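Right, one structure below, let's go through it.
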Amino acid sequence: MPRITAARVIVTSPGRNFVTLKIETEAGIYGLGDATLNGRELAVASYLADHVAPCLIGRDAHRIEDIWQFLYKGAYWRRGPVTMSAIAAVDTALWDIKGKIAGLPVYQLLGGASREGVMVYGHANGRTIEETIDNALHYQEQGYKAIRLQSGVPGLASTYGVSKDRYFYE
């Protein structure tokens with residue numbers, strides 16, 4: 001039975017604050033779970049560090065459902081986005097640990113692959129409509145079947161999703 005010895009909250013990307021939970025076991029195996037909640041990242045980080053992590057120490061990392069129920073039903077303020085993001089991070093990290101112990105990817109533990117692939121889209125953007133269409137044609141040449149187009153708006157200094165550089169989001 002792998003006992004949880006530590007649960008660390010890792011905040012990266014200052015200004016954006018991606019939140020990761022790292023749960024460690026006495027066997028040296030660790031699992032990672034994402035706890036990023038757009039616009040409230042630090043609230044989740046604090047909730048994890050101050051309230052959730054101390055409750056995990058000493059628990060059996062294999063008892064994923066038991067821990068989930070404890071966190072979901074045990075908190076006075078429950079079912080909100082901060083709490084659910086924290087619980088999701090714990091759940092994901094524990095499944096990561098279980099997969100590592102079993103020597104299998106987590107999707108195999110959950111029933112195996114359910115598809116051979118997934119459709120994705122290219123995000124074509126530009127400062128003008130013409131530039132956006134040129135970028136869309138570039139994605140079409142690469143074989144994309146779905147392309148999202150987003151163009152700047154004349155008179156606005158910036159538009160969400162339209163980069164001033166080569167990155168889609170700033």
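The values are calculated or read from the model by the stated rules, or taken from the named source; none is laboratory data. Remember, it's a predicted structure, so these values are computed and weren't measured experimentally. Note that each Cβ is placed from the backbone with ideal geometry, even for glycine, and that neighbours are counted across all protein chains shown. Side chains included, ligands, DNA and RNA excluded: accessible areas come from the protein's heavy atoms. Shrake-Rupley method; radii C 1.70, N 1.55, O 1.52, S 1.80 Å.
Across the chain, where is the longest run that never hits chymotrypsin sites (Phe, Trp or Tyr not before Pro) in a DSSP loop with at most 15 other C-beta atoms within 10 Å? Numbers along the way, then the final one.
Values: sites that count: Tyr76, Trp77, Tyr121, Tyr160, Tyr167, Phe168, Tyr169.
Between the exposed loop sites, the longest stretch runs 1-75.
Check cross-link reach from Lys98 to the aspartates and glutamates: straight Cα distance under 15 Å, and skip same-chain residues fewer than eight apart.
Excluding near neighbours in sequence, the set is Glu24, Glu26, Asp60, Glu65, Asp66.
In whole Hz, what ³J(HN,Hα) sequence does the stretch 51-57 give by Karplus (6.51, -1.76, 1.60; θ = phi - 60°), x for Gly and Pro?
For the stretch 51-57, the Karplus-derived couplings read 10, 8, 3, x, 6, 8, 4 Hz, x marking Gly and Pro.
Taking the inverse of the average 1/r across all pairs of different Cα atoms in the chain, what Kirkwood radius in Å do you get? Display every interim value, and only then the final one.
On the way: mean 1/r = 0.0532 Å⁻¹.
For the chain, the Kirkwood estimate is 18.8 Å.
Take the solvent-accessible surface of the protein heavy atoms, probe 1.4 Å, and return the percent of it on the chain that carbon and sulfur atoms account for.
Working: 5960 of 10830 Å².
With neighbouring chains kept in place, the figure for the chain is 55 percent.
Using a Gaussian network model on the chain with a 10 Å cutoff between Cα atoms, which of Gly74, Gly122, Gly31 fluctuates the most?
Answer for the Gaussian network model of the chain: Gly122.
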